[in-house]
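A.B. asks: This is the structure, below, for whatever I ask next.
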């Protein structure tokens, strides 16, 4: 009987103590389930967390997950009826063409195909960085069967939709798309010129990924957009013609701007000349008002004295009698 008790004690020691001890590395987090149920933080859900702010109104009620207790790095002990679910929260970098379910797809995960707005099949290359969201581990562990495959599929679908509907940004000053309307049908050129804008749009579109699937997309970097080889030369010719026309338009606009500046300067000069001619008259009028204000008859005396000063400089004089005689 004693040996039986000793054996049971050793089994319990191995089962509860030795096998119940687990450790977590600095880049690991864990969720413990008791009889299949995760340890929750009261009634809190992801709706109460800022992580859900990126969701649309119609999605907020659909993607609601309970907040669970997250075990942090260190040495911990679990009971025999508990299970530890470990996850790595380290940032992972993959190609945008990576398919976890079919690694050989998309040319071995190197090039992702997408169709542009003008029905041109093009290849996209770049990188995607993602991190498991510590604030929504329930969605990552229990929400979907394969969260990485799910998030990659979500990202690819959003990217292809963006490429298919992408248009060049509009210039707010002229109200037209950047570049000439004659080249707007070649959307691949717009994509190449606005890669940073496309990357920014993808980050905004994927901001709700952590609330949906428990994986946050940290950065999107699309580095290349390549058309089919058979139309590469045609696109090069279109780009050359477009650049020439853009150069001519820029020169014409510069000339028009110069004419406008010259016209404004001419108006300013004529305005100053008119003011210079009017200034003596305005000064004289002010002086005459001051003279008249000294009393009746003062203005007549001023005019008489002014005439007397002018007589020595006069070469000929026309009187009222001369004017009357000329009229007769």
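A.B. asks: Could you list, in sequence order, all residues of the stretch 115-146 that are under 20 Å from residue 99 (Cα atoms) and surrounded by 21 or more Cβ atoms within 10 Å (Cβ to Cβ)?
C.D. replies: 122, 124, 128, 130, 132, 140
A.B. asks: For residues in the stretch 188-199 being within 19 Å of the chain's Cα centre (by Cα) and surrounded by 20 or more Cβ atoms within 10 Å (Cβ to Cβ), which is modelled with the lowest pLDDT?
C.D. replies: Of everything passing the filter in the stretch 188-199, 190 is modelled with the lowest pLDDT.
A.B. asks: Pairs, please: C-beta under 6 Å, at least 6 apart or cross-chain, first residue without any contact (Cβ under 8 Å) to a residue 60 or more places away in the chain and in the stretch 293-309, second assigned to a helix (DSSP H, G or I)?
C.D. replies: That search, which allows pairs on different chains as well, returns 298/291; 299/291; 299/292; 302/291.
A.B. asks: Okay, moving on. Picking from 289, 313, which residue would you name as being modelled with pLDDT under 85 and loosely packed, with under 10 Cβ neighbours inside 10 Å? Working first, answer last.
C.D. replies: On the way: 289 fails: loosely packed, with under 10 Cβ neighbours inside 10 Å.
It is 313.
A.B. asks: Considering only residues of the stretch 193-220 that are assigned to a strand (DSSP E or B) and in contact with a helix residue (DSSP H, G or I) (Cβ under 6 Å, 6 or more places away or on another chain), which is farthest from residue 59 (Cα to Cα)? Before the answer, list the steps.
C.D. replies: Of the residues in the stretch 193-220, the ones assigned to a strand (DSSP E or B) are 215-220.
Then drop every residue that is not in contact with a helix residue (DSSP H, G or I) (Cβ under 6 Å, 6 or more places away or on another chain), which leaves 215-217, 220.
Numbers: 215: 17, 216: 17, 217: 18, 220: 23 Å.
Ranking the candidates gives 220 first.
A.B. asks: Right, here's the next one. Which pairs turn up if I take residues in the stretch 241-255 that are touching a residue at least 40 places away in the same chain (Cβ under 8 Å) and look for partners that are surrounded by 12 or more Cβ atoms within 10 Å (Cβ to Cβ) and assigned to a helix (DSSP H, G or I) with beta carbon separation below 8 Å, at least 6 apart in sequence or on another chain?
C.D. replies: Going by the 8 Å Cβ cut-off, the qualifying pairs are 242/183; 242/189.
A.B. asks: Hey, another quick one. Please enumerate the residues belonging to the stretch 200-212 that are under 11 Å from the mean Cα position of the chain (by Cα) and surrounded by fewer than 16 Cβ atoms within 10 Å (Cβ to Cβ).
C.D. replies: Restricting attention to the stretch 200-212, the residues satisfying the condition of being under 11 Å from the mean Cα position of the chain (by Cα) are 200-204.
Scanning the stretch 200-212 gives 200, 203, 204.
A.B. asks: Given the criteria over 33 Å from the mean Cα position of the chain (by Cα), free of Cβ contacts under 8 Å to residues at least 60 places away in the same chain and over 26 Å from residue 36 (Cβ atoms), does residue 102 qualify?
C.D. replies: Details: over 33 Å from the mean Cα position of the chain (by Cα): yes; free of Cβ contacts under 8 Å to residues at least 60 places away in the same chain: yes; over 26 Å from residue 36 (Cβ atoms): yes.
In short, yes.
A.B. asks: Okay, moving on. Can you spot a residue in the stretch 94-105 that is surrounded by fewer than 17 Cβ atoms within 10 Å (Cβ to Cβ), modelled with pLDDT of 90 or more, touching a strand residue (DSSP E or B) at 6+ places or on another chain (Cβ under 8 Å) and under 25 Å from residue 64 (Cα atoms)?
C.D. replies: no
A.B. asks: So which residues in the stretch 57-84 are assigned to a loop (DSSP other than H, G, I, E, B) and either in contact with a helix residue (DSSP H, G or I) (Cβ under 7 Å, 6 or more places away or on another chain) or in contact (Cβ under 8 Å) with a residue 40 or more places away in the chain (or both)? Before the answer, list the steps.
C.D. replies: The first filter runs over the stretch 57-84 and keeps only residues assigned to a loop (DSSP other than H, G, I, E, B), leaving 61-65, 69-70, 72-73, 78-81.
Once the filter is applied, which keeps residues that are assigned to a loop (DSSP other than H, G, I, E, B) and either in contact with a helix residue (DSSP H, G or I) (Cβ under 7 Å, 6 or more places away or on another chain) or in contact (Cβ under 8 Å) with a residue 40 or more places away in the chain (or both), the stretch 57-84 yields 63, 64, 65, 70, 72, 73, 78, 79, 80, 81.
A.B. asks: Taking the condition of being surrounded by 12 or more Cβ atoms within 10 Å (Cβ to Cβ) and in contact with a strand residue (DSSP E or B) (Cβ under 9 Å, 6 or more places away or on another chain), how many residues in the stretch 54-78 meet it?
C.D. replies: To start, the set of residues in the stretch 54-78 that are surrounded by 12 or more Cβ atoms within 10 Å (Cβ to Cβ) comprises 54-55, 59-60, 63-71, 73, 76, 78.
Narrowing the set further to residues that are in contact with a strand residue (DSSP E or B) (Cβ under 9 Å, 6 or more places away or on another chain) leaves 64-71, 73, 76, 78.
Qualifying residue count for the region: 11.
A.B. asks: Continuing with the same structure: Of all the residues that make up the stretch 85-100, how many are assigned to a strand (DSSP E or B) and either touching a helix residue (DSSP H, G or I) at 6+ places or on another chain (Cβ under 7 Å) or farther than 28 Å from residue 221 by Cα (or both)? Full working, then the answer.
C.D. replies: Quick first cut of the stretch 85-100, residues assigned to a strand (DSSP E or B) only: 85-88, 92-95.
Subset that is either touching a helix residue (DSSP H, G or I) at 6+ places or on another chain (Cβ under 7 Å) or farther than 28 Å from residue 221 by Cα (or both): 85-87, 95.
Qualifying residue count, the stretch 85-100: 4.
A.B. asks: Let me ask another. Regarding the stretch 38-49, can at least one residue be identified that is touching a helix residue (DSSP H, G or I) at 6+ places or on another chain (Cβ under 7 Å) and part of a loop (DSSP other than H, G, I, E, B)?
C.D. replies: Yes, the stretch 38-49 contains a residue that is touching a helix residue (DSSP H, G or I) at 6+ places or on another chain (Cβ under 7 Å) and part of a loop (DSSP other than H, G, I, E, B).
The values are calculated or read from the model by the stated rules, or taken from the named source; none is laboratory data. Just so it is clear, the structure is predicted and the values come from calculations on it, not from any experiment. Cβ coordinates were reconstructed from backbone atoms using ideal geometry, including for glycine residues, and neighbour counts include every protein chain displayed.
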